[in-house]
Each structure stands twice: as structure tokens, then as C-alpha cells.
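The values are calculated or read from the model by the stated rules, or taken from the named source; none is laboratory data. Since we're looking at a predicted model, the values are computed, not measured. Cβ placement follows ideal geometry from the backbone for every residue including glycine, while neighbour counts extend to all protein chains displayed. With ligands, DNA and RNA removed, areas are computed over all heavy atoms of the protein, side chains included. Shrake-Rupley method; radii C 1.70, N 1.55, O 1.52, S 1.80 Å.
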Amino acid sequence: MDAARVLSCLLLGLAGAPHCAAMCGPACAAVTCAGASGEARAAGAAFQLLRVGSYGLAGALASSGVAAASLALAAAPVLRPFWVLLHAAALALGMWLAITARQPAWMMRLGTTRPGVALAAPGGWQPVALRRGPWPAAAAGASWVAWPCGLLPSALVVAALCQSPAAGGLAMGAFALASAPGLLLTPWALGRM
């Protein structure tokens with residue numbers, strides 16, 4: 001059963017490779033030093049290796065999270081009074097807002113700063129220079145799973161349906177490997193321009 005899910009993620013990654021090239025390729029090129037130098041190849045390899053690893057970890061967590069949710073379902077009767085109290089508090093806040101037509105003082109203070117605390121550096125906002133090389137590329141690859149992507153949630157749902165965390169990690173690893181050509185093609189093409 002899990003083999004079908006791993007194959008589904010693999011095919012989703014293959015079908016999504018053009019999407020990855022168009023949507024994430026330029027950002028990937030910026031991170032991996034688009035080019036043919038040794039540093040660019042090392043950065044690209046570090047990026048892809050940690051990207052596949054982080055996707056696999058996310059798949060394992062998604063799969064184990066579903067199993068943990070089934071265990072938490074058994075504890076639902078114990079949590080029901082707290083859930084009711086939370087909804088009663090939200091209802092009370094909503095009624096306060098409707099009757100008084102103003103926020104409570106504690107809500108008014110949210111998001112404000114103390115007097116004398118600077119919000120920006122002197123001279124205004126300064127763009128941060130993009131660091132290049134294998135280590136920044138590896139860090140970007142490890143955090144790439146948090147990149148907003150339209151295909152990633154679909155693959156995570158399939159991985160979450162796997163029977164074990166290992167199978168979920170394998171499914172997401174297959175997705176990452178199959179979509180990698182899209183992220184390799186754009187930096188290569190930009191390096192040739």
C-alpha cells in the first residue's frame with residue numbers, strides 16, 4: 001500500500017518539475033551561485049542534499065502526526081471541558097466587543113512598543129547582501145520545505161497517509177528527488193546566459 005503512495009509522490013514530483021523550474025528556479029539559482037564553478041557545484045549539491053533530507057523529515061513528521069492524532073482522538077472526552085471553556089471565552093470576548101464597541105485595554109497594547117524603543121535601524125531599512133557558498137546553500141536547502149509551494153502540501157498529504165514515518169519520509173524523499181531536475185535546470189540555464 002505504501003509503495004503506491006511513494007510512487008504517487010514520485011510521479012507528482014516528476015509532473016511538477018516544470019512548475020518547480022518556473023516558480024522556485026530563480027530563487028534556487030540565487031542561493032546556489034548559478035554557474036559552473038566548483039563553488040557553484042558544491043553549493044548546488046549541498047542545497048539539493050539538504051532539501052531532500054528536509055522533505056523526507058517533513059514526510060516522516062506528517063506520517064507520525066496522523067498516527068499521533070488517532071491517539072489523541074482517544075483523549076478527546078477528557079479535553080472536551082477545556083474546549084468548551086475556550087469557546088465560552090471567545091464568545092465572551094465577542095460579546096464584549098459588540099456591546100462596548102471598543103477593545104479591552106490589554107488588546108490595545110498588543111503590537112505596540114515601549115517609548116524609546118527604536119523600530120528601525122538608523123538610516124532606514126538596508127537590504128541584506130546574499131551570502132553565497134555551500135554553507136548558506138545548505139541552510140537554504142534545509143529550510144526549503146518551508147518555502148510556499150503549491151505542490152508541497154499535496155505531497156505532504158500523500159505522505160501523511162503512509163502507514164509508518166519511514167514510508168512517509170520515503171514518499172517525500174521521492175517527491176524531492178523527482179522535482180530536483182526543475183531546480184537544477186534553471187540555475188544551469190541562468191549560469192549559461
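For the stretch 117-126, check the following and say yes or no: at least one residue is modelled with pLDDT under 85 and not in a loop (DSSP other than H, G, I, E, B). Give the steps one after another, and end with the answer.
Residues of the stretch 117-126 that are modelled with pLDDT under 85, as a first pass: 117-126.
Restricting the remaining residues to those that are not in a loop (DSSP other than H, G, I, E, B) gives none.
No, the conditions are met nowhere in the stretch 117-126.
Does at least one position in the stretch 30-39 carry a residue that is in a helix (DSSP H, G or I), among the β-branched types (Val, Ile, Thr) and surrounded by fewer than 11 Cβ atoms within 10 Å (Cβ to Cβ)? Quick ask: steps written out before the conclusion?
Filtering the stretch 30-39 down to residues in a helix (DSSP H, G or I) leaves 30-31, 38-39.
If we keep only those that are among the β-branched types (Val, Ile, Thr) as well, we get 31.
Those left that are additionally surrounded by fewer than 11 Cβ atoms within 10 Å (Cβ to Cβ): none.
No.
Suppose we keep only residues that are open to solvent by 10 Å² or more (accessible area, probe 1.4 Å) and not hydroxyl-bearing (Ser, Thr, Tyr) within the stretch 163-172. Which one would you say is farthest from the chain's Cα centre (by Cα)?
Of the stretch 163-172, the ones open to solvent by 10 Å² or more (accessible area, probe 1.4 Å) are 163-167, 169-170.
Next, from what is left, pick out any that are not hydroxyl-bearing (Ser, Thr, Tyr): 163, 165-167, 169-170.
Numbers: 163: 22, 165: 18, 166: 19, 167: 20, 169: 15, 170: 17 Å.
Taking the candidates together, the pick is 163.
With the condition kept exactly as written, say whether any residue in the stretch 8-30 is among the hydroxyl-bearing types (Ser, Thr, Tyr) and under 25 Å from residue 165 (Cα atoms). Steps first, please.
If we filter the stretch 8-30 for residues that are among the hydroxyl-bearing types (Ser, Thr, Tyr), which is where we start, we get 8.
This time we only want the ones that are under 25 Å from residue 165 (Cα atoms), so: 8.
Yes, because at least one residue in the stretch 8-30 is among the hydroxyl-bearing types (Ser, Thr, Tyr) and under 25 Å from residue 165 (Cα atoms).
Out of the stretch 40-52, which residues are open to solvent by 20 Å² or more (accessible area, probe 1.4 Å) and closer than 14 Å to residue 146 by Cβ?
Answer for the stretch 40-52, where residues must be open to solvent by 20 Å² or more (accessible area, probe 1.4 Å) and closer than 14 Å to residue 146 by Cβ: just 50.
Could you please find all residues in the stretch 157-173 being in contact with a Phe, Trp or Tyr (Cβ under 9 Å, 6 or more places away or on another chain) and more than 12 Å from residue 66 (Cβ to Cβ)? Quick ask: steps written out before the conclusion?
Our first condition is that a residue be in contact with a Phe, Trp or Tyr (Cβ under 9 Å, 6 or more places away or on another chain); within the stretch 157-173, this holds for 158-159, 169, 172-173.
Passing the criteria: 169, 172, 173.
Please work out which residue is farthest from residue 38 (Cα to Cα), limiting yourself to the stretch 127-149 and to residues that are open to solvent by 60 Å² or more (accessible area, probe 1.4 Å), modelled with pLDDT under 85 and under 11 Å from the mean Cα position of the chain (by Cα).
148
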